[in-house]
1. Every residue in segment 150-161 that is in contact (Cβ under 8 Å) with a residue 40 or more places away in the chain and charged (D, E, K, R), please.
2. Starting from residues that are assigned to a loop (DSSP other than H, G, I, E, B) and charged (D, E, K, R), keep the ones in segment 205-227 and report whichever is surrounded by the fewest Cβ atoms within 10 Å (Cβ to Cβ).
3. Mind telling me which of the residues E131, E177 ends up being under 19 Å from the mean Cα position of the chain (by Cα), charged (D, E, K, R) and modelled with pLDDT of 95 or more?
4. Considering only segment 42-74, how many residues are closer than 14 Å to V103 by Cα and either in a loop (DSSP other than H, G, I, E, B) or of a type in the set (K, R) (or both)?
5. Looking at the structure I just gave you, is G140 assigned to a helix (DSSP H, G or I) and either open to solvent by less than 20 Å² (accessible area, probe 1.4 Å) or among the small types (G, A, S) (or both)?
6. Which of the residues that make up segment 179-204 are under 23 Å from E144 (Cα atoms), open to solvent by 10 Å² or more (accessible area, probe 1.4 Å) and not aliphatic (A, V, I, L, M)?
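The values are calculated or read from the model by the stated rules, or taken from the named source; none is laboratory data. Note that this is a predicted model, so its numbers are computed, not measured. For neighbour counting, all protein chains shown are included, and Cβ atoms are generated from backbone atoms with ideal geometry for every residue, glycine included. To get the accessible areas, we keep the full protein, side chains included, count just its heavy atoms, and leave off ligands, DNA and RNA. Shrake-Rupley method; radii C 1.70, N 1.55, O 1.52, S 1.80 Å.
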Amino acid sequence: MRQPWTVRADGVAPDVGYFTQVADPDGGLRFWWLGQAGFALEHGGRRILLDPYLSDSLATKYAGTVFPHTRLHPVPVDPSRLQGVSAVLHSHAHTDHLDPDTVKGLLHQNNPLFVAPRARRQVALDRHIPEDCLLAVTAGEHVELGSGIKVTAIPAAHEELEFDGQGDSVFLGYILEIAGVRIYHSGDCVPYDGQAELLRSHNVDLAFLPINGRDSRRLQNGVPGNFTVREAATLCQEAAIPAVVGHHFGLFDFNTVERSDAVREFGDFAGELQWTLPEVGRCYAIERAQQPAEQLKGMS
């Protein structure tokens, strides 16, 4: 049996504003939730962003519509002030995952590699990603993000699996291997046939999964959905993933789940799964477990 990893809120480390400073070259593996599906990962002085939405562009785009996309919390950090970002991974082309204002801001002080779906390569270019910085991928491909960091793209089903005319996946998830940990960021996703078996074959240690669910009203108004809390937990059980971080809640009032409800539903899996509902901007350490696996299950 694999030795489990555990997620721990770091009460000493700085909040996400720390990314405006030079990275700690000796820092361990840790992450910050940026809100929605966005995360910042850091290890040994290297910084990677996942699906960052660090602007208010959607409120402008959808003003006066059924779903006006008004933020429930402010942007946690100005992207133009971030430093040392070496790579940015975009799971798909929806604006809260591939945001032109965030991309433009990041380019002020960074020259990162941008990874995005090949099926939406032109969208990525139209949203300010420089062509020489864009690596367009599809499911099944592998990317090296410098020494010791490997990324594998796998399919995601944002309500359903979707492909372009060349057979490339429109929606992706990524499995990152970093510092000995395999982290699965699903992007926006619902359960699909073969998903658990695919993830099990990759020996995933920790999953970042959306938990805001889905319904017909959202879908009819152009907002496809994601896992429910129960579906996310069940996938982890079926795929032998011992720990999960829930996200994609708390930003838009029409597309969220109440934290208290998520706590209650994850609580049904106590003794079976370690789960974390992060706070925006707070630092979380990923560490080797010092306790037997059965003692780590439950809330962190």
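1. Correct list: E159 only.
2. Keep residues of segment 205-227 that are assigned to a loop (DSSP other than H, G, I, E, B), which gives 205, 211-215, 221-227.
Adding the requirement that they be charged (D, E, K, R) leaves 205, 214-215.
Values: D205: 21, R214: 20, D215: 10.
Going through the qualifying residues, I end up with D215.
3. On the way: E131 fails: under 19 Å from the mean Cα position of the chain (by Cα).
Just a single option satisfies the conditions, and that option is E177.
4. Qualifying residue count, segment 42-74: 6.
5. Values: assigned to a helix (DSSP H, G or I): no; either open to solvent by less than 20 Å² (accessible area, probe 1.4 Å) or among the small types (G, A, S) (or both): yes.
So G140 fails the test.
6. Matches in segment 179-204: G180, R182, R200, S201, H202, N203.
Results for (1) open to solvent by less than 30 Å² (accessible area, probe 1.4 Å); (2) outside any loop (DSSP other than H, G, I, E, B), shown as yes or no for each residue.
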site	(1), (2)
L251	yes, no
A262	yes, yes
F266	yes, yes
A270	no, no
W275	yes, yes
E287	no, yes
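So that you can scan it fast, the table gives a plain yes or no per residue for (1) crowded, with 21+ Cβ neighbours inside 10 Å; (2) within 27 Å of Q220 (Cα to Cα); (3) of a type outside the set (D, E, K, R):
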{"position": "K61", "(1), (2), (3)": "no, yes, no"}
{"position": "G64", "(1), (2), (3)": "no, yes, yes"}
{"position": "V75", "(1), (2), (3)": "no, no, yes"}
{"position": "D78", "(1), (2), (3)": "no, no, no"}
{"position": "G84", "(1), (2), (3)": "no, no, yes"}
{"position": "A93", "(1), (2), (3)": "no, yes, yes"}
{"position": "D99", "(1), (2), (3)": "yes, yes, no"}
